[in-house]
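Peer 1: Before anything else, here's the structure in question.
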Amino acid sequence: MAKRPRFKPGDTIFYPSAGVGVIQAIEELYVGGEFTACLVIHIAETRMTVRVPQSNVEKCGIRPLLTNRKLKELFKILSAKSRRRVTGGNWTERCKEIERKINSGSCLELGEVVRDLMRWKKQSGLSFEESMLLEQASGYLAREVAAIEGIATEAAIDRIRSCVGVQI
């Protein structure tokens with residue numbers, strides 16, 4: 001069984017449905033008739049503050065930022081061969097699968113989504129929904145890479161694009 005990370009104020013984390021955030025505090029809140037410890041997470045990009053019960057942290061996919069080893073693995077995925085784009089079938093199902101990967105909390109699945117969508121965009125264009133998903137996924141990934149490497153988000157996007165082999 002994987003060891004659950006213990007978070008403390010000041011930790012920078014990745015929250016799949018919001019992006020990179022910083023834990024500001026751990027508060028006791030009265031929820032459902034009892035007190036429960038909640039992480040108070042500030043997402044600078046959206047100026048949003050979220051409170052997540054510690055019992056839901058794992059379920060929400062909240063995780064520490066990538067280690068250097070995982071970051072190298074991510075860049076390998078970004079430069080790897082893309083999945084073939086399925087053009088037939090139900091496009092809404094394809095978009096739901098992409099959205100599931102984005103919200104999974106897995107940096108590797110997020111990397112696959114960014115790589116594939118960037119290459120598909122260059123090859124044949126994207127639907128409006130796919131374009132929105134690419135914007136969301138690449139933003140999350142770029143902000144995490146920027147936070148890890150201490151660089152600007154734009155520099156992180158450029159690094160991701162060069163790994164994917166796409167200049168947009």
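Peer 1: As an exercise: evaluate F14 against (1) in a strand (DSSP E or B); (2) closer than 23 Å to A146 by Cβ; (3) out of contact with any Cys (no Cβ under 8 Å at 6 or more places or on another chain); (4) among the hydrophobic types (A, V, I, L, M, F, W, C) and give the number of the one condition it does not meet.
Peer 2: Of (1) in a strand (DSSP E or B); (2) closer than 23 Å to A146 by Cβ; (3) out of contact with any Cys (no Cβ under 8 Å at 6 or more places or on another chain); (4) among the hydrophobic types (A, V, I, L, M, F, W, C), only one is false for F14: (3).
Peer 1: State which residue pairs qualify: first residue over 14 Å from E135 (Cβ atoms) and inside the stretch 149-168, second residue hydroxyl-bearing (S, T, Y) in any location, beta carbons under 6 Å apart, and separation of 6 or more residues or different chains.
Peer 2: Going by the 6 Å Cβ cut-off, the qualifying pairs are C163/S79.
Peer 1: Which of the residues spanning the stretch 84-115 are of a type outside the set (K, R) and over 30 Å from N56 (Cβ atoms)? If you could, list the steps in order and put the result at the bottom.
Peer 2: Filtering the stretch 84-115 for residues of a type outside the set (K, R) gives 86-93, 95, 97-99, 102-114.
V86, T87, G88, G89, N90, W91, listed by residue number.
Peer 1: Go through (1) buried (at least 20 other Cβ atoms within 10 Å of the Cβ); (2) not assigned by TED's automatic domain parsing to the domain that holds S17 for K122 and report which single condition fails.
Peer 2: Looking at each condition in turn, K122 falls short on (1).
Peer 1: Among residues belonging to the stretch 31-61 that are within 17 Å of A147 (Cβ to Cβ) and charged (D, E, K, R), point out the one that is modelled with the lowest pLDDT.
Peer 2: Among residues in the stretch 31-61 that are within 17 Å of A147 (Cβ to Cβ) and charged (D, E, K, R), the one modelled with the lowest pLDDT is E45.
Peer 1: Which of the residues that make up the stretch 120-163 are within 15 Å of F75 (Cα to Cα) and either acidic (D, E) or modelled with pLDDT under 90 (or both)?
Peer 2: E144, E149, D158
Peer 1: Here's something else I'd like to know. Select from the stretch 53-69 the residues that are over 16 Å from T12 (Cα atoms) and either not assigned by TED's automatic domain parsing to the domain that holds I26 or not hydroxyl-bearing (S, T, Y) (or both) and list them in ascending order.
Peer 2: Pass one, the stretch 53-69, residues over 16 Å from T12 (Cα atoms): 53, 55-56, 59, 69.
Hits for the stretch 53-69 are P53, N56, K59, R69.
Peer 1: Evaluate the stretch 114-125: report whether one residue or more is closer than 29 Å to L39 by Cα, of a type outside the set (K, R) and in contact (Cβ under 8 Å) with a residue 12 or more places away in the chain.
Peer 2: Filtering the stretch 114-125 down to residues closer than 29 Å to L39 by Cα leaves 114.
Retained after the next criterion (residues that are of a type outside the set (K, R)): 114.
Subset that is in contact (Cβ under 8 Å) with a residue 12 or more places away in the chain: 114.
Yes - at least one qualifying residue is present in the stretch 114-125.
Peer 1: Identify, from the list E112, E154, E97, E129, the residue that is acidic (D, E) and in contact with a Lys or Arg (Cβ under 8 Å, 6 or more places away or on another chain). Don't jump to the end; show me each part of the working.
Peer 2: Details: E154 fails: in contact with a Lys or Arg (Cβ under 8 Å, 6 or more places away or on another chain); E97 fails: in contact with a Lys or Arg (Cβ under 8 Å, 6 or more places away or on another chain); E129 fails: in contact with a Lys or Arg (Cβ under 8 Å, 6 or more places away or on another chain).
Exactly one residue qualifies, and that residue is E112.
Peer 1: Filter the stretch 5-56 down to the residues that are in contact (Cβ under 8 Å) with a residue 24 or more places away in the chain and among the aromatic types (F, W, Y) and list them by number.
Peer 2: Hits for the stretch 5-56 are F7, F14, Y15.
Peer 1: Residues that are touching a residue at least 12 places away in the same chain (Cβ under 8 Å), closer than 14 Å to L74 by Cα and aliphatic (A, V, I, L, M): does the stretch 90-99 have at least one?
Peer 2: no
The values are calculated or read from the model by the stated rules, or taken from the named source; none is laboratory data. Worth saying up front: this structure is predicted, and the values here are computed from it rather than measured. No Cβ is skipped: glycine too gets one built from the backbone with ideal geometry, and neighbour counts run over all protein chains shown.
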